[in-house]
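Step one of this worksheet: look at the structure below.
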Amino acid sequence: MTDMTPIHIIGGGMAGSEAAWQAANAGVRVVLHEMRPVRGTFAHQTEGLAELVCSNSFRSDDAETNAVGLLHEEMRRAGSLIMAMGDQHQVPAGGALAVDREAFSQAVTAALENHPNIEIVREEITGLPPEDWDSVIVATGPLTSQALAEAVHAATEEGELAFFDAIAPILYADSINMDVAWKQSRYDKGETEEDKAAYINCPMDKDQYEAFVDALLAAEKTEFKEWEKDTPYFDACLPIEVMAERGRETLRHGPMKPRGLTNAHDPETKPYAVVQLRQDNTLGTLFNMVGFQTKMKYGAQADVFKMIPGLENASFARLGGIHRNTFLHSPKLLDGLMRLKARPALRFAGQITGVEGYVESASMGLLAGRFAAAEKLGRAVTPPPPTTALGALLTHITTGHVPGKKGAFQPMNVNFGLFPDIEAPTKDAEGKRLKGKEKSVAKKRAMSARALSDCDAWLHGFSQAAE
């Protein structure tokens with residue numbers, strides 16, 4: 001017999017929204033609990049579901065040689081709401097998928113509000129759900145309320161791990177000096193001329209770069225509370241000041257690398273460093289500073305960023321910021337189907353499980369929603385194979401740690417290092433031996449082809465179980 005009581009989903013971010021969509025499309029009733037606007041956070045600006053609080057980029061959309069692009073494609077094949085709305089509201093970003101964040105959130109919200117199987121309740125859940133909620137997905141993300149976090153801690157007897165995440169500034173396009181800056185995607189990536197000119201580039205010579213680094217290091221920074229001081233940063237989203245502290249050349253080999261770019265105003269002079277700006281909305285009126293997460297105080301940010309050539313008169317729609325993220329020690333606390341071992345009626349999804357990134361968070365919501373719906377409908381629950389991007393991430397959060405090693409489990413973006421190895425081609429189509437980068441690309445293509453084949457077989461199994 002099937003259980004017709006609803007699935008309760010706590011949190012309307014990327015993971016919660018995707019989980020609700022997947023479960024509702026399977027024919028199960030869903031109650032989605034979102035605390036905004038009853039209670040806001042220091043990172044969100046609206047009450048919209050699936051609001052993007054940091055970058056507007058879903059990163060690479062290359063499904064053949066990039067793991068996140070592969071995850072995009074697997075999610076599309078699984079009927080992902082997040083990917084469908086991302087595709088509908090994308091803005092030029094070279095080989096990446098970036099979206100108009102406001103239009104994207106509005107579209108996700110409208111789709112969920114109009115789904116006949118979904119009820120959205122605006123309220124804060126301040127503790128563990130009542131026992132009669134027999135199927136719950138906790139998708140509260142990195143900004144889980146203190147009350148709920150403490151309740152989870154009490155239930156698991158395991159403290160959450162935590163790290164800091166930072167937000168990049170957004171500025172108005174008409175305040176950028178295009179007599180200095182120019183439009184170009186790195187290595188001219190993109191299928192269209194618009195994509196090949198998707199980024200605005202601000203060049204620096206050596207003296208300008210050195211002065212900028214000095215200003216970064218000297219600027220007044222956000223002060224952490226006593227209980228935050230030992231919290232580490234997530235390496236894939238470091239504040240630029242922290243990168244600069246690691247060495248004066250670090251930024252020039254990171255977000256400010258000049259490779260693959262030619263200054264349209266002075267093609268013969270190679271920039272020493274380049275700051276890239278990515279389109280943030282469909283109208284092209286807003287651009288965000290790529291890789292420029294910061295913990296500088298607001299007053300210092302405008303002064304330092306206006307040192308960047310082309311941004312002398314920049315006007316900011318939003319300055320950068322920093323917030324504390326929390327995540328579970330998932331390999332210890334969750335089973336292979338994302339259920340809390342101490343209380344199997346509770347599932348966790350999204351960033352709180354130890355994945356990092358918008359798409360990764362949504363993908364864990366996709367799995368949690370499918371798993372919970374299958375259980376409600378009395379069907380077998382089969383996880384995706386670890387050879388897929390979905391399965392590789394699931395394996396990471398459920399087994400991705402070194403036993404007995406404190407702190408070994410850390411948040412992770414999807415990457416090919418999480419996949420089982422594969423025997424890669426050693427020769428090209430003409431029989432020539434592959435070497436170096438060509439060999440690496442061939443191996444990634446082989447991994448991606450295997451992943452999509454295995455993903456299709458897994459999804460077919462889900463479809464058969466539903467018949």
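The values are calculated or read from the model by the stated rules, or taken from the named source; none is laboratory data. Keep in mind that this is a model prediction, so the values were computed, not measured. Cβ atoms come from the backbone with ideal geometry, glycine included; neighbour counts cover every protein chain shown. Heavy atoms of the whole protein, side chains included, go into the accessibility calculation; ligands, DNA and RNA do not. Shrake-Rupley method; radii C 1.70, N 1.55, O 1.52, S 1.80 Å.
The criterion of being over 23 Å from residue 22 (Cβ atoms), under 24 Å from the mean Cα position of the chain (by Cα) and at pLDDT 90 or above holds for residue 449. Of the numbered criteria (1) out of contact with any helix residue (DSSP H, G or I) (no Cβ under 6 Å at 6 or more places or on another chain); (2) under 18 Å from residue 56 (Cα atoms), the one residue 294 fails is (1). Is it true that residue 435 is of a type in the set (Lys, Arg), exposed (fewer than 14 other Cβ atoms within 10 Å of the Cβ) and touching a strand residue (DSSP E or B) at 6+ places or on another chain (Cβ under 9 Å)? Taking the combined requirement at face value, the residue does not satisfy it.
Only a single criterion out of (1) open to solvent by 10 Å² or more (accessible area, probe 1.4 Å); (2) part of a strand (DSSP E or B); (3) not hydroxyl-bearing (Ser, Thr, Tyr) is not satisfied by residue 98, namely (1). Annotation note: Cβ proximity below 6 Å between a residue of the range 365-390 that is over 27 Å from residue 413 (Cβ atoms) and a residue that is surrounded by fewer than 24 Cβ atoms within 10 Å (Cβ to Cβ) and of a type in the set (D, E, K, R) (sequence gap 6+ or interchain) occurs for 376/3. Applying the condition of being part of a loop (DSSP other than H, G, I, E, B) and over 15 Å from residue 201 (Cα atoms) to the range 290-324 and asking which residue is most open to solvent (accessible area, probe 1.4 Å) yields 313. Checking the stated criteria, residue 273 turns out not to satisfy the condition of being at pLDDT below 90, surrounded by 20 or more Cβ atoms within 10 Å (Cβ to Cβ) and not hydroxyl-bearing (Ser, Thr, Tyr).
Kindly establish whether residue 337 is more than 29 Å from residue 238 (Cα to Cα), under 22 Å from the mean Cα position of the chain (by Cα) and not polar (S, T, N, Q).
It is true that residue 337 is more than 29 Å from residue 238 (Cα to Cα), under 22 Å from the mean Cα position of the chain (by Cα) and not polar (S, T, N, Q).
Name the single residue, out of those in the range 187-208 being part of a helix (DSSP H, G or I) and farther than 24 Å from residue 304 by Cβ, that is least open to solvent (accessible area, probe 1.4 Å).
Of everything passing the filter in the range 187-208, 195 is least open to solvent (accessible area, probe 1.4 Å).
Taking each residue of the range 53-76 that is polar (S, T, N, Q) and looking for partners that are open to solvent by less than 30 Å² (accessible area, probe 1.4 Å) and in a loop (DSSP other than H, G, I, E, B) with beta-carbon atoms closer than 7 Å, six or more apart or interchain, yields 55/168; 56/280; 57/93.
State whether one or more residues within the range 101-116 are out of contact with any Phe, Trp or Tyr (no Cβ under 9 Å at 6 or more places or on another chain), outside any helix (DSSP H, G or I) and at pLDDT 95 or above. Outline the logic, then answer.
Start the filter on the range 101-116 by keeping residues that are out of contact with any Phe, Trp or Tyr (no Cβ under 9 Å at 6 or more places or on another chain), which leaves 101-107, 109-110, 113-114, 116.
Checking which are outside any helix (DSSP H, G or I) leaves us with 114, 116.
Right, trim to at pLDDT 95 or above and you get 114, 116.
Yes: one or more hits.
Checked against the criteria, residue 285 counts as in contact with a Phe, Trp or Tyr (Cβ under 7 Å, 6 or more places away or on another chain), of a type in the set (Ser, Thr, Tyr) and farther than 22 Å from residue 189 by Cβ. Candidates in the range 128-172 are the residues that are in a helix (DSSP H, G or I) and hydrophobic (A, V, I, L, M, F, W, C); of these, the one that is modelled with the lowest pLDDT is 143. Scanning the range 239-261 for residues that are open to solvent by 10 Å² or more (accessible area, probe 1.4 Å), in contact with a Pro (Cβ under 9 Å, 6 or more places away or on another chain) and assigned to a loop (DSSP other than H, G, I, E, B) gives a single hit, 258. Among the residues of the range 325-348, those that are open to solvent by less than 20 Å² (accessible area, probe 1.4 Å) and either within 21 Å of residue 14 (Cα to Cα) or not in a helix (DSSP H, G or I) (or both) comprise 325, 327, 328, 330, 334, 338, 340, 346, 347, 348. Restricting the range 379-400 to residues that are small (Gly, Ala, Ser) and closer than 16 Å to residue 366 by Cβ, the residue that is surrounded by the most Cβ atoms within 10 Å (Cβ to Cβ) is 389. One residue stands out in the range 283-321 among those that are within 25 Å of the chain's Cα centre (by Cα) and among the charged types (D, E, K, R): the one that is nearest to residue 257 (Cα to Cα), namely 295. Filtered by the rule that a residue be part of a loop (DSSP other than H, G, I, E, B), of a type in the set (Val, Ile, Thr) and open to solvent by less than 30 Å² (accessible area, probe 1.4 Å), the range 117-127 gives a lone residue, 125.
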